[in-house]
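The values are calculated or read from the model by the stated rules, or taken from the named source; none is laboratory data. These figures come from a predicted structure and were not determined experimentally. Cβ atoms come from the backbone with ideal geometry, glycine included; neighbour counts cover every protein chain shown.
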Amino acid sequence: MGEIEKRKGWMGLLARAPTARLAALWQGFGLEPEHTLLRPPEIGAVMVRGRAGATGAPFNLGEMTVTRCSTRLACGAVGHGYVQGRDKAHARTAALIDALMQTPCADALSAAVLDPLAAELDLTRSRRAARAAATKVDFFTLVRGED
């Protein structure tokens, strides 16, 4: 997996992470690096586009509120955070983690913050899938002797 795909993975994970859980894991990591906010957390809106049947022509579905933040560490690494909603602290934390994941402490940070988040997200998905599977109806056709 290339560096771009890895970064997409952790940035997506940070964006989907529950705010309280991300904050708890970040505090547990215990590192508040020296940094400069290139773009302080700001709230805006983005247009969400959709496709009928995932193959049709794209159409504008509606707007969604997002918060973004960009930061630069003292070592020069730049991090960005984009999260759904209006949580400035979540966007700032995501930007700091993104920047730190580009430094030598990436393995420790991944083990302390990203791996637990990924495991919890997988557990949530599997529970949701199990609940959906419990309501699945199998339709079958009985062959009648009239044919």
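Among the β-branched types (V, I, T), modelled with pLDDT of 95 or more, touching a Pro at 6+ places or on another chain (Cβ under 8 Å) and farther than 22 Å from R125 by Cβ: is that true of T67 in this structure? When the stated conditions are applied, T67 passes them.
Looking at the range 76-84, can you tell me whether even one residue there is crowded, with 17+ Cβ neighbours inside 10 Å, of a type in the set (F, W, Y) and under 25 Å from D115 (Cβ atoms)? Taking every residue of the range 76-84 in turn, at least one turns out to be crowded, with 17+ Cβ neighbours inside 10 Å, of a type in the set (F, W, Y) and under 25 Å from D115 (Cβ atoms). Restricting attention to the range 15-50, the residues that are under 20 Å from L123 (Cβ atoms), surrounded by 14 or more Cβ atoms within 10 Å (Cβ to Cβ) and over 18 Å from the mean Cα position of the chain (by Cα) total 0. Which condition breaks for T93 when tested against (1) farther than 24 Å from L25 by Cβ; (2) touching a Phe, Trp or Tyr at 6+ places or on another chain (Cβ under 6 Å); (3) among the β-branched types (V, I, T)? Looking at each condition in turn, T93 falls short on (1). In the set (1) closer than 19 Å to R16 by Cβ; (2) over 17 Å from the mean Cα position of the chain (by Cα); (3) of a type in the set (D, E, K, R), the condition left unmet by R72 is number (1). Of all residue pairs spaced 6 or more apart or on separate chains, those with beta-carbon atoms under 9 Å, a first member in the range 85-96 that is crowded, with 23+ Cβ neighbours inside 10 Å and a second member that is assigned to a helix (DSSP H, G or I) and of a type in the set (S, T, N, Q) are H90/T19; T93/T19. Could you please let me know if A133 is surrounded by fewer than 12 Cβ atoms within 10 Å (Cβ to Cβ) and within 20 Å of L38 (Cβ to Cβ)? The answer is no for A133. Is there a residue in the range 26-40 that is of a type in the set (G, A, S), touching a residue at least 40 places away in the same chain (Cβ under 8 Å) and assigned to a strand (DSSP E or B)? For the range 26-40, residues of a type in the set (G, A, S), touching a residue at least 40 places away in the same chain (Cβ under 8 Å) and assigned to a strand (DSSP E or B): absent. Evaluate the following for T141: is it among the hydroxyl-bearing types (S, T, Y), modelled with pLDDT under 95 and exposed (fewer than 10 other Cβ atoms within 10 Å of the Cβ)? In short, yes. Checking W10 against (1) within 18 Å of the chain's Cα centre (by Cα); (2) loosely packed, with under 10 Cβ neighbours inside 10 Å; (3) in contact (Cβ under 8 Å) with a residue 40 or more places away in the chain, only one condition comes out false. Which one? With respect to (1) within 18 Å of the chain's Cα centre (by Cα); (2) loosely packed, with under 10 Cβ neighbours inside 10 Å; (3) in contact (Cβ under 8 Å) with a residue 40 or more places away in the chain, W10 is out only on (2).
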